[in-house]
Amino acid sequence: MRTEGIRKAALSLIVVLCTSLSFSRPLAAQHIISNLPRLTSGESPVSFMRPHYLVFASGATTPAGSPSGPPSTAFTPAQIRHAYGFDLVSNQGAGQTIGIVDAYDDPKAEADLGVFSAQFNLPACTTANGCFRKVYGNGKVPASNPNWAMEIALDVEWAHAVAPQAKIVLVEAPTNSLTDLVNGAVVAVRNGASVVSMSWTAAEWSSETSMDKNFVSNGVTYLAASGDAGTGVAYPAVSPDVIGVGGTSLTLTPAGAYQGETAWSGSGGGISKYEREPSFQAQFSIPNDPRGYRGVPDVSYDGNPGTGYAVYDSIGISGYTGWFQVGGTSAGTPQWAALIAIANSLRVAARKANLSSTDTTLYTIAKSGMNSNFYAVTQGTNGACGSVCTASTGYDYVTGLGTPQAAAMIAALVAQR
């Protein structure tokens, strides 16, 4: 596998802000780094960092650094918690462990989480207080990598933002090969994770179903980003026991309340070539699938980098360090994981088991209360393939079932057997 060459090529892809990105809030004088590596014919499956877009907001006049504080256009934890209704839920994930699986080492992950937590008045999450742990996939410290350090910062910080009382176990795979990353998910479960966030993708390949067994574990929920290059199906989001997370563009009212969402043009999605349609989709009116194959994503969350999130990364990328505005389907994945952690915490308090087969549960909830548990995303497209690329009422291949109305959804998840 030519992973090193692809990685270097990905880092070098720097593009200017283009009009094809659909932003719902004004942005000024920004730099965008776009990582869009692709597999070549015959190459083994390789997983790459998500998100593809890292948005540097105005304030950085030279590549020496980025603003001293978060970009003014970036969403904060308080804004997101209020928009999706997490602030209506008193539980914050206590007693649960979120597994974050990424590649290579971010030696500043814990320190950067400390800066992020202090900035937004979140509880400290450290090794010393037992909240944060870093585990190496093969028992050895991997090489560091700035691309993946940004991904790690995003995943860790925003899982903590949504479920600040949950513990975090960061599993660092030795390389970005799919084998090493999937093994990282196994390691996360061995280290107590009840929910596993995987913000990386590989293109589909003919024997992918042989790896699906790695995402079946009693009392564990697996989630994965659906991809950031528009229409197209990615693994492991397409695995039937994984919740695939797509992307939207979120808009708030001037007062900070939820106003609406449209499908983000970068949201990955479509119909699998190899994974058969699981029963939870077969029983739920999934459109345009006469051959009976799996559809992705299952759900979605704000992902447009123009409506992105404040992230602190002291490793930096392309000469910039500090605060960034970051988007992509990888941003929604750890936040959905945090939602599941909160539901599990409440389930344990009610003497119930942690969620298993959570994909099935989400579709069950959608059948009984679609409008009360999900925000419908009915506008926008991720490509030029007609109805398969267009958001619509009910399930669609761009945003899945929709985005969470957190308070109602968590209550519904807790109520399940």
Under 15 Å by backbone N from the virtual spin label 7 Å along Cα-to-Cβ at W205, the residues of region 250-291 are 274
For region 102-213, what D do you get in µm² per second when you plug the Kirkwood radius from alpha-carbon pairs into Stokes-Einstein at 37 °C and 0.692 mPa s?
226 µm²/s
Length gained when the stretch Q416-A124 is fully extended (0.36 nm per residue, less Cα-Cα span):
101.9 nm
Ranked by how many other beta carbons lie within 10 Å on average, peptides 398-404, 290-296 from highest:
398-404, 290-296
Length gained when the stretch Y274-N138 is fully extended (0.36 nm per residue, less Cα-Cα span)
46.0 nm
Spin-label model distance (nm) - D289 vs A350, 7 Å beyond Cα toward Cβ:
2.7 nm
How far is the Cα center of region 359-409 from the Cα center of region 141-193, in Å?
27 Å
If you plug each phi of region 234-239 into the Karplus form 6.51 cos²θ - 1.76 cosθ + 1.60 with θ = phi - 60°, what whole-Hz ³J(HN,Hα) values come out, in order, with x for Gly and Pro?
10, 9, x, 4, 7, 4
Go through 259-271, 325-337, 359-371 and give me the packing order, highest mean Cβ count within 10 Å leading.
325-337, 259-271, 359-371
I'm checking a number: the convex hull volume of the Cα atoms of region 211-331, normalised per residue, in Å³. What is it?
164 Å³
Enter the accessible area per residue of region 274-380 (Å², integer; probe 1.4 Å; all protein chains in place).
31 Å²
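The values are calculated or read from the model by the stated rules, or taken from the named source; none is laboratory data. Bear in mind that the values here come from a model prediction, so they are computed numbers and not experimental data. Ideal geometry is used to build each Cβ from the backbone, glycine not excepted, and the neighbour counts take in all protein chains shown. Remember, those area values only see protein heavy atoms, side chains included, never the ligands or the DNA or RNA. Shrake-Rupley method; radii C 1.70, N 1.55, O 1.52, S 1.80 Å.
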